[in-house]
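Asks: Attaching a single structure in C-alpha cells format; questions to follow.
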Amino acid sequence: MTRRTKIVATIGPASQDEKMIRELLRSGVNVARLNFSHGSHADHAEVLKRLRQIAAELGRPVCVLQDLQGPKIRTGDLPGGKIEIEAGQVLTLTTAPGPYAPGEVPVDFPELPSSVRPGGRILLDDGNLELAVFVTDDAAAELAAFAPSLADLPAPVAHGAAWPGAVEFAEVSVRSTAEGDAISFGITPQILRH
C-alpha cells in the first residue's frame, strides 16, 4: 500500500540533533521543513547533511521543504526608536531619505505610495497596528494615514509593515531580499546532490 500522506516536521534548534532526527524519521516524518527565516546557510547545510545521512541509514526517503521568509518590508529607523501613536493621529509614511519630522515614518519600499489607495489599510508592528490610508502622493513618495478609533491605546511602531490588497506588492523582486540568497543556496549542486 502506498502512503500518500506527508508528515511534515520543522527541523530547528530543538530537533536538529542526530538522535531527534532519527526519532522523527522512525515515527513517520517524510518531509523536513527548514525555516530560512532563521539560521545561516552553513547551519542549514549541516542539518541537511545530517538529515540525508540518517535517512539513507534508515532507508527512508525524506523530502526537504525550504521555507522562505519572502520579501520583508519594514519601517526604517525612528527618532527615539519608536513613535507613540494615538487613536485618530495622522502619520506620514515616507520613502524619502531622512531626517524625519515628528509623525513621519520611513518605509523601505519605494513603490509604497503608488501601491495603496485612499481607503486602503496599512499594517505596522507586524499587524498589531492598523492604519487607514486617506491621501497618497506619488511625487512626494509619501502617504498620509490615520490610526482608527480601534487603536484606542498608544502603540509603538515596530518593524514589520504590510498592506493587504496592495496593487504592486506582488511585484517586489526577490533578488533584492534574503529570499533570493536562500533560493540560490537551495538550488546549488552541492545541496541538491544530498
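Asks: Residue separation times 0.36 nm, minus the C-alpha to C-alpha distance between Val8 and Arg74: what's the value?
Replies: On the way: separation 66, 0.36 × 66 = 23.76 nm, distance 3.02 nm.
Full extension of this stretch gives 20.7 nm more.
Asks: Just subtract the alpha-carbon distance of Asn35 and Asp181 from 0.36 nm times their residue separation and send over the number in nm, one decimal. Mind dumping the intermediate values first?
Replies: On the way: separation 146, 0.36 × 146 = 52.56 nm, distance 1.37 nm.
Here the segment from Asn35 to Asp181 would lengthen by 51.2 nm.
Asks: Once amide H atoms are placed 1.01 Å from N in the peptide plane, what residues at a sequence separation of 5 or more from Gly120, or on another chain, have their amide H within under 5 Å of its amide H?
Replies: HN-HN under 5 Å from Gly120: Val133.
Asks: Between Glu57 and Ala45, 0.36 nm times their residue separation minus their Cα-Cα distance comes to what?
Replies: Details: separation 12, 0.36 × 12 = 4.32 nm, distance 1.84 nm.
Extra length from Glu57 to Ala45 when fully extended: 2.5 nm.
Asks: Go ahead and run the numbers for FRET between Ser114 and Phe134, Cβ-Cβ distance against an R0 of 22 Å, rounding to 0.05. Present the calculation step by step, with values, prior to reporting the outcome.
Replies: On the way: r = 16 Å, r/R0 = 0.72.
Taking R0 as 22 Å, the efficiency between Ser114 and Phe134 is 0.90.
Asks: Of Arg74, Arg3, how do they rank once you tally other Cβ atoms within 10 Å and put the fewest first?
Replies: Exposure proxy ranking, most exposed first: Arg3, Arg74.
Asks: Compute the Cα gyration tensor for the range 35-101, then decide on rounded, prolate or oblate, letting a ≥ b ≥ c be the square roots of its eigenvalues: rounded whenever a/c is under 1.5, prolate when a/b is larger than b/c in the other cases, and oblate in all that remain. Show your work: numbers first, answer last.
Replies: On the way: a/c = 4.60, a/b = 3.65, b/c = 1.26.
Since a/c reaches 1.5 and a/b is larger than b/c, the shape of the range 35-101 is classed as prolate.
Rule-based calculations on the coordinates, nothing more; no lab input. Keep in mind it's a predicted model, so treat the numbers as computed, not measured. So basically every Cβ, Gly included, is an ideal-geometry build from the backbone, and we count neighbours across all protein chains shown.
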